[in-house]
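As structure tokens, the structure follows; a few thoughts come after it.
A short reminder: the numbers here are calculations on the coordinates, not readings from a lab. Everything numeric in this text was worked out from a predicted model, so none of it was measured. With ideal geometry, Cβ positions are generated from the backbone for all residues, glycine too; neighbour counts draw on all protein chains shown.
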Amino acid sequence: MGEETGYAFSPTFAPIAKFGEYIKLVPDEKYYKVVSVEPLPTLVIDFGSLAANTKDTDRIDIVSQNLELPDNTLAQLRIKLLDDFNLYLYQPKAKAKGTTTYKNFYIRYDTQELPNNLVEFFQFEKRSAGIVRENLSATALPKTRVLFYGFKYELEPVSTIPEKYTVVPVSQG
């Protein structure tokens with residue numbers, strides 16, 4: 001039985017694993033060796049205008065157009081809202097029939113900078129993630145920009161349980 005070493009969602013943003021270390025993806029219960037780690041280029045996405053006092057009725061897919069990753073690739077991402085709106089992030093984008101594990105969180109523009117308010121998620125390969133924007137203001141927003149930054153890990157599947165590993169939660173594949 002292996003031993004959990006690192007952990008995700010640290011207040012200090014740093015790679016969760018280094019070259020040659022191991023990662024366990026949950027809920028998949030699969031193990032991978034890290035073969036490379038590199039910073040991702042900062043990505044700013046404008047999801048468009050949003051009327052006053054409204055919330056999206058459909059989830060916007062952020063993976064297929066913006067964050068899609070090749071096979072055996074993991075992204076560790078943090079989010080910062082650049083405009084005054086709130087955001088819900090869902091993994092997977094929609095709760096599929098038979099899916100029992102999904103992650104979601106809510107980011108408020110006015111509290112995103114508070115200590116321990118971590119806005120971090122992990123994206124593995126082409127698994128879906130979606131957002132819903134919410135404007136609580138009486139004023140329409142001409143743009144709703146989100147800044148994504150983080151690290152990319154190239155992974156190699158391993159067939160045995162490593163002695164030490166870091167557990168990483170991802171949406172179910």
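In region 17-66, which trypsin sites (Lys or Arg not before Pro) fall in coil by DSSP and have 13 or fewer other Cβ atoms within 10 Å?
Working: sites: 18, 24, 30, 33, 55, 59; in loops: 18, 59.
Filter output for region 17-66: 18.
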* Asked: Could you give the distance between the Cα centres of region 38-55 and region 130-169, to the whole Å?
  -> 13 Å
* Using mean Cβ contacts within 10 Å as the protection proxy, how do 152-159, 83-90, 104-111 order, highest first? -> 83-90, 152-159, 104-111
* Holding the Cα-Cα limit at 28 Å, pick out from 30/143; 33/126; 55/126; 80/164; 24/126 the pairs that are longer than that. => 30/143; 80/164
